Amino acid sequence: MKLEQIELREIRMQMRTPFETSFGVTQERRIILVSISSGGVTGYGEVSCNETPGYSYETTDTAWLMLNDLFAPAILGHDLEQPSDVLPLLKPFRGHPFAKAGLELALWDLWARAAQQPLWKFIGGTKTDLPVGLSVGIKSSPEALAEFVVQQKALGYKRIKLKIGRGRDIAYVAAARDALGWDTHLTVDANSDYTLEDTDLLGQLDQYKLQYIEQPLSNDDIVDHATLAQSLETPLCLDEPIHSLGDVRKAVQLGSGSVINLKIGRVGGHTESHKIAKYCGEQGLALWCGGMLESGVGRAHNVALQTLPQFTLASDTAPSARYWLEDITDPEITMHGGLTHPLGGIGIGVNLRHDLIAKLTTRVAVL
Ligand code: OSB
Ligand code: MG
């Protein structure tokens, strides 16, 4: 298909409540929606990096710059056989996987729509009951956290993940575990806030029987994680340092973790995600799909990805209503009894609410 038109559109969405992690607080999301059209069909992707370089070096503004000045012009007008044909065109440009993923996701949606198929079937998905996990931002006190997680557990979530950071860790985990009891899958995500000097402190978490500890050490590290893993009973999960299948392979070789959080944006799109999923299945690694506080467009892609048979643990695909008063898709992402299900429509299975999107738009570029 010939890539005839590419539209970049930045929208701003206010979160219902601020979301705090060890690297900062998010209250407003600035999301880039990417549309690619061919032969009267349009596919949609989302750039899901943060507004500031806290989680990764990419930001909404760097992604806009890369897409508008380099990536979109490099692919516009090309005639592709399949979505993954875009990767050689983007190969001259190092890094910026979240920006690249915006395009790549739009192409997968476009191809599935042109084939009149739901994206999840188009990529070979098989699972239809998808367990949902909740990611809980850092709260003002252990008591406030305990109260919040008990409320949320009642909604049916299959796993609860607590954001932690230096000085806001053991007491918070203890309070949450005490409030939830032992039968809840509980995890923590440090977003890289600790070092090997904190090994004893992290060891104290073993007593709370966490399903895993996500990214305790540096965002670019897989070596120290292997050392830390030797000292802990709790399995380690890697998030930030995984950008490719090669990164997962090296982490397995080193023993840096036994659980992988796969984020489509962080690895540059569906193509690399599918390779990673296949490899995790072969290696017996536990796998789940991470979230980036996406709109319904990004979430719909995450839902499709999780239907691959290699996904074994609950994914961060909390429903639209968890973060937004109004999401930009119809239908919104929903959860019933802690499960979400693949969306039935063609492509990503959601329609965009163009009137609402127009109101939230702050800039548009059409190439
Ligand atoms: O580390 O998983 C993370 C959000 C922004 C940046 C990093 C992370 C997160 C989340 C969001 O945990 C979870 C969600 O989208 O529901
Ligand atoms: Mg994480």
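At-a-glance table
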{"quantity": "Integer Hz, Karplus 6.51/-1.76/1.60 couplings in order for region 214-220, x for Gly and Pro", "calculated": "8, 6, x, 9, 3, 5, 10"}
{"quantity": "Helix-derived mean residue ellipticity, 222 nm - over the chain, DSSP H n ≥ 4, -39500 (n - 2.57), to 500", "calculated": "-9000 deg cm²/dmol"}
{"quantity": "L70/Q283 FRET efficiency (R0 41 Å; Cβ-Cβ; nearest 0.05)", "calculated": "0.75"}
{"quantity": "Whole-Å distance, taken between Cα centres, linking region 173-241 and region 1-73", "calculated": "30"}
{"quantity": "Reciprocal mean inverse distance between Cα atoms of region 121-347 - Kirkwood radius, Å", "calculated": "17.8"}
{"quantity": "Label-point separation in nm, D330 to R249, each point 7 Å along Cα→Cβ", "calculated": "4.7"}
{"quantity": "In Å², nearest 10: area of K209 left accessible to a 1.4 Å probe", "calculated": "120"}
{"quantity": "Within the accessible area of the chain (1.4 Å probe), percent carbon and sulfur", "calculated": "50"}
{"quantity": "Accessible heavy-atom area order of K2, K100, highest first, probe of 1.4 Å", "calculated": "K2, K100"}
{"quantity": "Potential lengthening between H341 and A321 on full extension [0.36 nm per residue; Cα-Cα distance subtracted]", "calculated": "5.6 nm"}
{"quantity": "Where labels lie 7 Å past Cα in the beta-carbon direction, separation of A115 and Q27 in nm", "calculated": "4.5"}
{"quantity": "Sum of side-chain charges, L119 neighbourhood, beta-carbon under 13 Å (Lys, Arg +1; Asp, Glu -1)", "calculated": "+1"}
{"quantity": "By average C-beta atoms within 10 angstrom, highest first, the peptides 282-292, 151-161", "calculated": "282-292, 151-161"}
{"quantity": "Amide H within-cut-off set for L262, under 5 Å, with H built and near neighbours excluded", "calculated": "W288, C289, G290"}
{"quantity": "Region 78-125-region 304-367 distance, computed between alpha-carbon centres (Å)", "calculated": "18"}
{"quantity": "Using a Förster distance of 22 Å, the FRET efficiency for L356-D61 (Cβ separation, nearest 0.05)", "calculated": "0.40"}
{"quantity": "Solvent-accessible ranking of D330, D316, largest area first, probe 1.4 Å", "calculated": "D330, D316"}
{"quantity": "Rounded to the nearest 10 Å², the accessible area of M335 at probe 1.4 Å", "calculated": "30"}
{"quantity": "Heavy-atom surface of the chain, accessible at 1.4 Å and reported per residue (Å²)", "calculated": "38"}
{"quantity": "Subset of K2/K127; K91/K161; K121/K158; K163/K263; K2/K91 violating a 26 Å alpha-carbon distance limit", "calculated": "K2/K127; K91/K161"}
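The values are calculated or read from the model by the stated rules, or taken from the named source; none is laboratory data. Given the structure is predicted, the values throughout are model-derived calculations rather than measurements. Because the Cβ atoms are built from the backbone with ideal geometry, glycine has one as well, and the counts that use them run over all protein chains shown. Each accessible area value is taken on the protein alone, full model and side chains, heavy atoms only, with ligands, DNA and RNA left out. Shrake-Rupley method; radii C 1.70, N 1.55, O 1.52, S 1.80 Å.
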